[in-house]
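S.K.: There's a structure below that I have some questions on.
Every read-out reported here was derived from the displayed coordinates using simple, explicitly stated rules and does not represent laboratory data. Everything numeric in this text was worked out from a predicted model, so none of it was measured. As a convention, Cβ positions derive from the backbone with ideal geometry for all residues, glycine included, and neighbour counts pool all protein chains shown.
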Amino acid sequence: SQTIHQWPATLVQPVGSPLSLECTVEGTSNPNLYWYRQAAGRGLQLLFYSVGIGQISSEVPQNLSASRPQDRQFILSSKKLLLSDSGFYLCAWSQANTEAFFGQGTRLTVV
Amino acid sequence: GDSVTQMEGPVTLSEEAFLTINCTYTATGYPSLFWYVQYPGEGLQLLLKATKADDKGSNKGFEATYRKETTSFHLEKGSVQVSDSAVYFCALRTGSQGNLIFGKGTKLSVKP
């Protein structure tokens with residue numbers, strides 16, 4: 001069966017520090033991968049999606065970047081965090097025409 | 001562009017009450033429709049889905065019918081439990097990349 005792992009679960013980082021969140025998927029190949037952000041009291045915003053290794057599409061301009069170094073690995077990064085980067089970050093995967101499956105999320109607090 | 005609109009919460013109900021959370025969508029083509037549930041501090045879990053008009057998705061006592069004529073996918077449950085307290089998201093999927101577009105979520109609180 002397929003599983004998705006996302007870590008860390010919680011993170012407190014100072015403003016201006018770098019960020020690296022990692023997501024890996026097991027039990028499937030060539031998945032579509034997604035990073036979403038959920039700000040407090042708001043809905044889900046799609047940040048990045050990837051249909052293959054090295055293929056990243058950005059939905060919104062921001063202080064973040066994403067990379068896909070391996071087929072089932074998706075990394076969300078920032079060189080310098082802003083206070084506004086605080087939120088709940090969710091990684092998800094899907095096959096082309098199926099529903100998306102989500103990780104447990106990372107609660108990021110920038111202080 | 002494609003979008004999802006769902007009723008704003010929070011919704012507070014007593015145990016065993018009837019639940020309806022409204023969801024309407026705007027999309028070109030024929031999207032697939034989903035309801036996801038998010039329990040506190042967790043990621044999203046798929047609750048149910050429908051892939052074509054008049055399909056009814058159902059799971060755990062929840063159900064929703066894909067209504068193309070009214071572009072709606074309302075979530076219903078006949079008798080809610082305290083354990084149903086969560087945030088519910090309506091979503092559609094369209095395009096070759098299959099990106100999910102979410103509504104803003106509706107927080108449900110069920111009181112004993």
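S.K.: Antiparallel as a % of all DSSP beta bridges within chain A, to the nearest 5? Walk me through the numbers before you get to the answer.
M.R.: Details: 36 of 40 bridges.
For chain A, the DSSP antiparallel bridge percentage is about 90.
S.K.: Do the alpha carbons of any pairs in B:Lys56/B:Lys77; B:Lys68/B:Lys104; B:Lys52/B:Lys104 sit beyond 19 Å of each other, and which pairs?
M.R.: Result: B:Lys68/B:Lys104; B:Lys52/B:Lys104 exceed 19 Å.
S.K.: Using 1/(1 + (r/R0)^6) with R0 = 22 angstrom and r between the beta carbons of A:Gln70 and B:Tyr30, what's the FRET efficiency to the nearest 0.05?
M.R.: Numbers: r = 34 Å, r/R0 = 1.54.
That gives a FRET efficiency of 0.05.
S.K.: How high is the relative contact order of the stretch B:73-112? Use alpha-carbon pairs under 8 Å, at least six apart in sequence, and give a whole percent.
M.R.: Once normalised by length, the contact order is 46 percent.
S.K.: In debye to the nearest 20, how big a dipole does the protein assembly as shown give about its Cα centre with +1 on each Lys and Arg Cβ and -1 on each Asp and Glu Cβ? Mind dumping the intermediate values first?
M.R.: On the way: 18 positive and 17 negative charges, 74 e Å.
About 360 debye.
S.K.: So for chain B, taking the charge dipole from beta-carbon charges (+1 Lys/Arg, -1 Asp/Glu), which of B:Ser14, B:Tyr88, B:Ala50 sits furthest toward the positive end?
M.R.: Projecting each Cα onto the dipole axis, the largest value belongs to B:Ala50.
S.K.: Note down the net charge around A:Tyr89, summing +1 for each Lys or Arg and -1 for each Asp or Glu among other residues with Cβ under 10 Å from its Cβ.
M.R.: Spelling it out: positives minus negatives among the neighbours equals +1.
S.K.: Could you estimate the translational diffusion coefficient of the protein assembly as shown from the Stokes-Einstein equation, with Rh from the Kirkwood formula over C-alpha pairs, at 4 °C and 1.567 mPa s, in whole µm²/s? Walk me through the intermediate numbers first.
M.R.: Numbers: Rh = 18.0 Å.
D, rounded to a whole number, is 72 µm²/s.
S.K.: Once you charge only the Cβ atoms, +1 for Lys and Arg and -1 for Asp and Glu, what is the size of the charge dipole of chain A about its Cα centre, to the nearest 20 debye?
M.R.: 280 debye
S.K.: Of B:Asn59, B:Tyr30, B:Leu75, whose Cα points farthest to the positive end of the dipole of the protein assembly as shown (charges on the beta-carbon: +1 Lys, Arg; -1 Asp, Glu; origin at the Cα centre)?
M.R.: Value computed over the given set: B:Tyr30.
S.K.: Over chain B, with a Gaussian network built from C-alpha contacts below 10 Å, which listed residue (B:Lys68, B:Lys77, B:Lys60) shows the highest mean-square fluctuation?
M.R.: Among B:Lys68, B:Lys77, B:Lys60, the largest GNM mean-square fluctuation belongs to B:Lys60.
S.K.: In nm, to one decimal, how far is the modelled label at A:Thr109 from the one at A:Leu11, with both set 7 Å along Cα→Cβ?
M.R.: With each label placed 7 Å out from Cα toward Cβ, I get 1.6 nm.
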